[in-house]
Amino acid sequence: MSDIYDLVVIGGGPGGYVAAIRAAQLGQKVACVEKRQTLGGTCLNVGCIPSKALLQSSHHLEMAKHEMAAHGVKTGRVSVDLATMMQRKDTVVDDLTKGIAFLFKKNRVDHFCGTATITASDTVGIALEDGSNKELTTDNILIATGSKSSTLPGVDVDEKCIVSSTGALSLDTVPKKLVVIGAGVIGLELGSVWRRLGSEVTVVEYLDAILPGMDKEIRQRSKLILAKQGINFRLATKVTGASVMNNKAMLSIESVKSGEQEILNADVVLVAVGRNPYTQNLGLENVGINIDDKGFITVDENLQTNVPGIFAIGDVIGGMMLAHKAEEEGICVAETLAGQKGHVNYKAIPGVVYTHPEIAAVGRSEDSLKADDIPYKVGKFPFGANSRAKAIGDTDGFVKILAHKESDLILGAHIIGPGAGDLLAEIVLAMEADISAEDIARTCHSHPSLGEAVKESAMAVDNMAIHM
Ligand code: FAD
Ligand code: NAI
């Protein structure tokens, strides 16, 4: 017996669950099929949320060990209780994933726990948890199946000694030596967590700089700051293989420039070299859905695949692999299906690396503006000249705003510093609303606040900064 829906969403991550809720709000009969026991996808279960919980806990440790004494706060001997830290992280995840289940009930989204396969353009089969099967008939299907960690040839992940991000979020002891492969977002965030908890961390990166794709100045400054904190970087170095013996890993590495080879020993190796689309068992071939050469599902401007009525969003279609990008796309599809004008502004999607200090960016980098010959002005302001940053004792970094030379519209912004991720939101709004750098410069910001560094940076675009 087949149940009939307006929309069946496959995948209960930030793309899928947000789309399901928005479509239900707009009056559609919606089902969401998720193969994990809990909702929330990679983000809530093994991504954004557990990593941020551990970043916060380990930051408290770092503060207690190295920062609080300067504020006149004596702490005595500080140590790590890893079991409690992990338990707290699990509780945060548990609360939030249950919260999504509550929102599904509230909005009357039917939740099926099982693996979905598209069997026809209007039919989704589900292999349910209890071993039985179910079939849903639907007007539209939304694929939001996300991504999985990329692997490296010769480096076999066992989630004990050689781990993906999922394993690195649940280690039960602090490794003495941790080698991270990849100086991208995961490598730097989880490398920071374990360094703060006491590991000797070495990050091996194929390229000659960290954080590919970010503004060059930000990449340089962040490397200096993270290296000063104690992370060792081996740049322009490639990993050629790994072996495990007696719970220790041996990593073969090779200099990209000279070809010189070396062995690195580690208690744990974290493989963080990107993520691939997840389309296993989805049945794309049953209906002939097109994918690109990297396996990402291809979609048109309405996020519809080449099969009418089947849409795809989030990590599985590529682009910025971020939770909030997936959410925006989910809302776009739900609103399009309800006859509204769905829209995602890809030029104004922020990205934040939650190291300390945070690194946040939106829009164009200075290098890309130069490459495309776009005339621009730069406004920069250091946190060292911001009174709030001084007061809280967190002065590393700067705000950099790139505005169009003629129109003064903001083309990009890059912040490294305290609360960078939250500070960026104001600039993202300015970009979304097409207001100029001068509009931010002339907006009154409370004093003393970190936001004043954003204002001064906007003022600096036209050489009007006061405090430098
Ligand atoms: P996912 O969240 O991957 O959800 C897809 C869901 O589909 C999964 O739950 C999967 O089980 C389910 N599924 C797959 N196939 C089927 C099937 N056939 N049937 C039923 N269910 C299926 N992004 C940020 O914006 N901020 C961060 O701070 C951040 N931190 C991260 C930290 C880590 C360690 C990692 C790994 C990622 C992080 N990300 C972060 C990225 C973010 O998690 C992803 O961009 C986001 O989860 C993508 O959402 P999605 O809905 O496309 O897919
Ligand atoms: P990434 O793409 O950010 O970085 C991967 C790094 O590995 C790159 O620097 C790349 O040059 C390097 N690399 C690739 N192959 C290599 C090799 N053989 N040897 C050495 N280095 C190699 O990918 P990452 O860090 O795995 O993150 C995956 C995705 O998860 C990102 O796209 C990001 O969007 C998302 N994410 C977002 C977070 C956030 O928003 N705060 C946090 C964590 C993940």
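Which condition breaks for residue 294 when tested against (1) over 30 Å from residue 198 (Cβ atoms); (2) surrounded by 17 or more Cβ atoms within 10 Å (Cβ to Cβ)?
Single failed check for residue 294: (2).
I'd like to verify a number: residues in the stretch 379-394 that are in contact with a helix residue (DSSP H, G or I) (Cβ under 8 Å, 6 or more places away or on another chain) and surrounded by fewer than 16 Cβ atoms within 10 Å (Cβ to Cβ), how many?
Here the count works out to 4.
Which of (1) buried (at least 18 other Cβ atoms within 10 Å of the Cβ); (2) more than 16 Å from ligand 2 (Cβ to nearest atom); (3) not charged (D, E, K, R) is the odd one out, the single condition residue 340 does not satisfy?
Of (1) buried (at least 18 other Cβ atoms within 10 Å of the Cβ); (2) more than 16 Å from ligand 2 (Cβ to nearest atom); (3) not charged (D, E, K, R), only one is false for residue 340: (1).
Looking at 182, 187, 191, 198, which is the one that is more than 13 Å from ligand 2 (Cβ to nearest atom) and out of contact with any helix residue (DSSP H, G or I) (no Cβ under 6 Å at 6 or more places or on another chain)? Explain how you work it out, then say what you get.
Working: 182 fails: more than 13 Å from ligand 2 (Cβ to nearest atom); 187 fails: more than 13 Å from ligand 2 (Cβ to nearest atom); 191 fails: more than 13 Å from ligand 2 (Cβ to nearest atom).
Matching residue, one of 182, 187, 191, 198: 198.
Quick one: in the stretch 128-145, which of the residues that are under 31 Å from the mean Cα position of the chain (by Cα) and more than 27 Å from residue 318 (Cβ to Cβ) is nearest to ligand 2 (Cβ to nearest atom)? Even if it seems obvious, please write down each step before you answer.
As a first pass, look at the stretch 128-145 and keep what is under 31 Å from the mean Cα position of the chain (by Cα): 128-129, 140-145.
Next cut, more than 27 Å from residue 318 (Cβ to Cβ) only: 128-129.
On the way: 128: 30, 129: 28 Å.
Selected residue: 129.
Return the only residue of 330, 363 being at positive phi and buried (at least 18 other Cβ atoms within 10 Å of the Cβ). Break it down stepwise before answering.
Details: 330 fails: at positive phi.
Residue meeting the stated conditions: 363.
So residue 148 clears everything in (1) within 11 Å of ligand 1 (Cβ to nearest atom); (2) more than 20 Å from the chain's Cα centre (by Cα); (3) surrounded by fewer than 21 Cβ atoms within 10 Å (Cβ to Cβ) except one condition, right? Which one?
(2)
Could you look through the stretch 322-337, keep only residues that are over 30 Å from residue 228 (Cα atoms) and free of Cβ contacts under 8 Å to residues at least 60 places away in the same chain, and pick out the one that is farthest from ligand 2 (Cβ to nearest atom)?
336
Which residues, taken from the stretch 1-35, are aliphatic (A, V, I, L, M) and under 16 Å from residue 117 (Cβ atoms)? Talk me through it step by step, then tell me what you get.
Of the residues in the stretch 1-35, the ones aliphatic (A, V, I, L, M) are 1, 4, 7-10, 18-21, 23-24, 26, 30-31, 33.
If the condition is that a residue be aliphatic (A, V, I, L, M) and under 16 Å from residue 117 (Cβ atoms), then 8, 9, 10, 31, 33 are the ones that fit.
Within the stretch 146-179, can you find the residues that are more than 14 Å from ligand 2 (Cβ to nearest atom), in contact with a helix residue (DSSP H, G or I) (Cβ under 8 Å, 6 or more places away or on another chain) and not charged (D, E, K, R)?
Answer for the stretch 146-179, where residues must be more than 14 Å from ligand 2 (Cβ to nearest atom), in contact with a helix residue (DSSP H, G or I) (Cβ under 8 Å, 6 or more places away or on another chain) and not charged (D, E, K, R): 170, 171, 173, 174, 175, 178.
So that you can scan it fast, the table gives a plain yes or no per residue for (1) over 14 Å from residue 350 (Cβ atoms); (2) of a type outside the set (Asp, Glu); (3) in contact with a helix residue (DSSP H, G or I) (Cβ under 9 Å, 6 or more places away or on another chain):
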residue	(1), (2), (3)
400	yes, yes, yes
403	yes, yes, yes
421	no, yes, no
434	yes, no, no
448	yes, yes, yes
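Just to confirm my filter: which strands (runs of 3 or more DSSP E) fall fully inside the stretch 98-178 and include at least 1 residues that are hydrophobic (A, V, I, L, M, F, W, C)?
On the way: elements: 110-120, 123-128, 133-143, 147-149.
Where strands (runs of 3 or more DSSP E) fall fully within the stretch 98-178 and carry at least 1 residues being hydrophobic (A, V, I, L, M, F, W, C), they are 110-120, 123-128, 133-143.
So which strands (runs of 3 or more DSSP E) are wholly in the stretch 265-350 and hold at least 3 residues that are not basic (Lys, Arg)? Outline the logic, then answer.
On the way: elements: 268-271, 275-277, 310-312.
Correct list: 268-271, 310-312.
Under 6 Å between Cβ atoms, which residue pairs at least 6 apart in sequence (or on different chains) link something in the stretch 45-63 that is closer than 24 Å to residue 326 by Cα with a partner that is within 13 Å of ligand 2 (Cβ to nearest atom) and of a type in the set (D, E, K, R)?
From the stretch 45-63, the pairs are 51/189.
Starting from residues that are of a type in the set (Gly, Ala, Ser) and within 30 Å of residue 249 (Cα to Cα), keep the ones in the stretch 265-321 and report whichever is farthest from ligand 2 (Cβ to nearest atom).
Only one residue fits best here, namely 266.
Of all residues being of a type in the set (Gly, Ala, Ser) and touching a helix residue (DSSP H, G or I) at 6+ places or on another chain (Cβ under 7 Å) in the stretch 342-357, which is nearest to residue 230 (Cα to Cα)? Just the residue, please.
At the first step, the residues of the stretch 342-357 found to be of a type in the set (Gly, Ala, Ser) are 342, 348, 351.
Add one more test, that the residue is touching a helix residue (DSSP H, G or I) at 6+ places or on another chain (Cβ under 7 Å), and what stays is 342, 348.
On the way: 342: 46, 348: 33 Å.
If we take residues in the stretch 342-357 being of a type in the set (Gly, Ala, Ser) and touching a helix residue (DSSP H, G or I) at 6+ places or on another chain (Cβ under 7 Å), then 348 is nearest to residue 230 (Cα to Cα).
Coordinate-derived values only; no laboratory data. Predicted model only: the values in this text are computed from it and were never measured. Glycine gets a Cβ as well: all are built from the backbone with ideal geometry, and neighbour counts include every protein chain shown.
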